[in-house]
Every structure is written in C-alpha cells, then in structure tokens.
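A.B. asks: Just passing along the structure, written as structure tokens.
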Amino acid sequence: MSDAERIACCDDDVRDDFADDNSNEYATDNAIAEEHVHDPASLMPLGEYLTRYPNADRSLLCKQLAAQLSVYHNTQQLVHGDVKMANVMMDENGVAILPKSEKTVPITSQPRAPASPEERLPMTTGTDLYAFAWLVFRVYTDIDPLILAHDSKTMHLIASGIKPNRPGPDTLSTMRGLNDQIWEIMLRCWDLSPAARPRAAEVAHAFDPVHVASQPSPTYGLEDCVAKSGGLAEQLGQI
C-alpha cells in the first residue's frame, strides 16, 4: 500500500504511519449502495459534480454517503475498503453513490485498539470511517488529502495523532456547512484507535440540520495555512 493510499484508507498499514445500530432508515430503496442498479452512463464523478455545481448541498451528500457505509457495514456486513472522492459518483437525481471497490471485503474482525504502537491492524469498519472523515474534509475544503501524503513530515505528524485545525468562521468550508457538529464527528473518526471511532449511522446523523447556530472555534484550518505557509507540515495543528 502506497503512502497516498495509507492516508486515504487506513488501518491495516496506517496505525504506525499514520454496535450494531440496525439503522437502515437512510437507504432510500434498500439498494442504494449497489452499483448495478445505476446506469453507468448516467453517473458523474463527485469531483466533477462539485465543480459544475459549487453550491450543491455538501452536507446532504456526505449524509448520503455515510448512510451507504451504514448499509455496507450493518446490512451487507462488508468493509468498503477504498473510501475516497475518486470512488464517489453522482446519479441523475443528484444522489451521491459509493459503489463497491476492488478492496471491498466481508467483515472478518471488529475495530479494536492496537496492542502496541508497532501493531498493524486489519482493515475494519473503523478503517472506512477514518477514510470517510478525509473524504468529508475534501468535500468541504477542496483540499486533497493525498497531497498531504506526499510529504513525509506531514505523514509522520498525522500518524502521531495530529489532526487538521478547524477551518475558521469566515472560510469557504464554514459557508458550505462545516459546523461544530460535523467537525466533532470528523475528529472522532480520526481517532488513532479504531475502536473509538463512531458507527456509520451515528456519523450520518451528524449531517442533520442544526437548528441552533453553530459557533466555529477561533482556529484556522488548512485553507488559511496554505496561504500563509509553503510547508505542508505547517498546515497541521494539534487538536
């Protein structure tokens, strides 16, 4: 597995480098995660879709994807194994689709904490949630996490548990809907221990509308740091 793959989808090789909720309520037809029900000719890559429709409801798209992960994990008993923007498609109705990948496998073990810092953990549902948080990060910020993977110092920082700072209140990410509720669930998905990461259905709930205005924390995120520093390592801050 390459460094780029490790940062995007990671527990089997990334620990040192980097409950059954029975919830199917988000699956629109109980087959939303099955790629064969969609005409490939009608699908558009998510990246292209967001470029064409920059004002798309990004929180809704993330909620749809989290719901599909819940179907994979709880109904189909599968680990997707390759959650990243390049693998997300949009259908003709504007619904985000996460088709199975070549890395999709049956669940064979549950998320757990490593016995030692050197232990390489197997791929689990926790792996999917870690990668999903990076997908959400890219959806809101437009920053490709694979770019970070090309910098060895940044990779080391991420592996040690350092996470991106929360984007500030006046950033495009916040205007797109990245609020406290979503950021907190992302931080939990990035926990170094797979056992501490939330379930996919809980993650989906984090994208529900917030009725009380969320007040972003006064820290700056990668968007701001990119403009102020040429070093990728400086783009990360300890949470």
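A.B. asks: Quick one: in the stretch 125-147, which of the residues that are among the β-branched types (Val, Ile, Thr) and out of contact with any His (no Cβ under 6 Å at 6 or more places or on another chain) is surrounded by the fewest Cβ atoms within 10 Å (Cβ to Cβ)? Working first, answer last.
C.D. replies: Step one: of the stretch 125-147, the residues among the β-branched types (Val, Ile, Thr) are 125, 127, 136, 139, 141, 143, 147.
Of the ones still in play, those that are also out of contact with any His (no Cβ under 6 Å at 6 or more places or on another chain) are 127, 136, 139, 141, 143, 147.
Values: THR127: 25, VAL136: 26, VAL139: 24, THR141: 20, ILE143: 19, ILE147: 16.
Among those residues, the one meeting the criterion is ILE147.
A.B. asks: Considering LYS153, LYS103, LYS84, which residue is surrounded by 19 or more Cβ atoms within 10 Å (Cβ to Cβ) and either of a type in the set (Lys, Arg) or on the phi > 0 side of the Ramachandran plot (or both)?
C.D. replies: On the way: LYS153 fails: surrounded by 19 or more Cβ atoms within 10 Å (Cβ to Cβ); LYS103 fails: surrounded by 19 or more Cβ atoms within 10 Å (Cβ to Cβ).
Result of the check over LYS153, LYS103, LYS84: LYS84.
A.B. asks: Might you let me know whether the stretch 103-118 holds any residue that is under 16 Å from LEU187 (Cβ atoms), modelled with pLDDT of 90 or more and not in a loop (DSSP other than H, G, I, E, B)?
C.D. replies: Residues of the stretch 103-118 under 16 Å from LEU187 (Cβ atoms): none.
No.
A.B. asks: What residue, of LEU178, LEU187, is assigned to a helix (DSSP H, G or I), at pLDDT 95 or above and within 19 Å of PRO145 (Cα to Cα)?
C.D. replies: Being assigned to a helix (DSSP H, G or I), at pLDDT 95 or above and within 19 Å of PRO145 (Cα to Cα) holds for just one of LEU178, LEU187, which is LEU187.
A.B. asks: Would you confirm, using the coordinates I've provided, whether ASP224 is more than 20 Å from LYS84 (Cβ to Cβ), crowded, with 16+ Cβ neighbours inside 10 Å, at pLDDT below 95 and among the charged types (D, E, K, R)? Break it down stepwise before answering.
C.D. replies: Details: more than 20 Å from LYS84 (Cβ to Cβ): yes; crowded, with 16+ Cβ neighbours inside 10 Å: yes; at pLDDT below 95: yes; among the charged types (D, E, K, R): yes.
When the stated conditions are applied, ASP224 passes them.
A.B. asks: I would also like to ask the following. Yes or no: the stretch 113-124 includes at least one residue that is crowded, with 16+ Cβ neighbours inside 10 Å and closer than 18 Å to ALA204 by Cβ.
C.D. replies: Within the stretch 113-124 (the criterion being crowded, with 16+ Cβ neighbours inside 10 Å and closer than 18 Å to ALA204 by Cβ), the answer is no, since none of the residues qualifies.
A.B. asks: Out of all the residues in the stretch 190-201, which are under 15 Å from the mean Cα position of the chain (by Cα), at pLDDT below 95 and not hydrophobic (A, V, I, L, M, F, W, C)?
C.D. replies: ASP191, PRO194
Conditions tested, residue by residue: (1) among the small types (Gly, Ala, Ser); (2) surrounded by fewer than 14 Cβ atoms within 10 Å (Cβ to Cβ); (3) in a helix (DSSP H, G or I); (4) at pLDDT below 95.
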position: PHE18; (1), (2), (3), (4): no, no, no, yes
position: ASP21; (1), (2), (3), (4): no, no, no, yes
position: ALA27; (1), (2), (3), (4): yes, no, no, yes
position: ALA33; (1), (2), (3), (4): yes, no, no, yes
position: GLN68; (1), (2), (3), (4): no, no, yes, no
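A.B. asks: Within the stretch 78-102, how many residues turn out to be more than 22 Å from ASP144 (Cα to Cα), outside any loop (DSSP other than H, G, I, E, B) and not β-branched (Val, Ile, Thr)?
C.D. replies: Residues meeting the conditions: 1.
A.B. asks: Please indicate, with yes or no, whether at least one residue in the stretch 122-138 is touching a Phe, Trp or Tyr at 6+ places or on another chain (Cβ under 6 Å) and not basic (Lys, Arg).
C.D. replies: Yes; the residues of the stretch 122-138 include at least one that is touching a Phe, Trp or Tyr at 6+ places or on another chain (Cβ under 6 Å) and not basic (Lys, Arg).
A.B. asks: Could you say whether any residue in the stretch 41-49 is modelled with pLDDT under 95 and either assigned to a helix (DSSP H, G or I) or of a type in the set (Val, Ile, Thr) (or both)?
C.D. replies: Checking the stretch 41-49: at least one residue is modelled with pLDDT under 95 and either assigned to a helix (DSSP H, G or I) or of a type in the set (Val, Ile, Thr) (or both).
The values are calculated or read from the model by the stated rules, or taken from the named source; none is laboratory data. Everything numeric in this text was worked out from a predicted model, so none of it was measured. Reconstructed Cβ throughout: ideal geometry from the backbone, glycine too, with neighbour counts over all protein chains shown.
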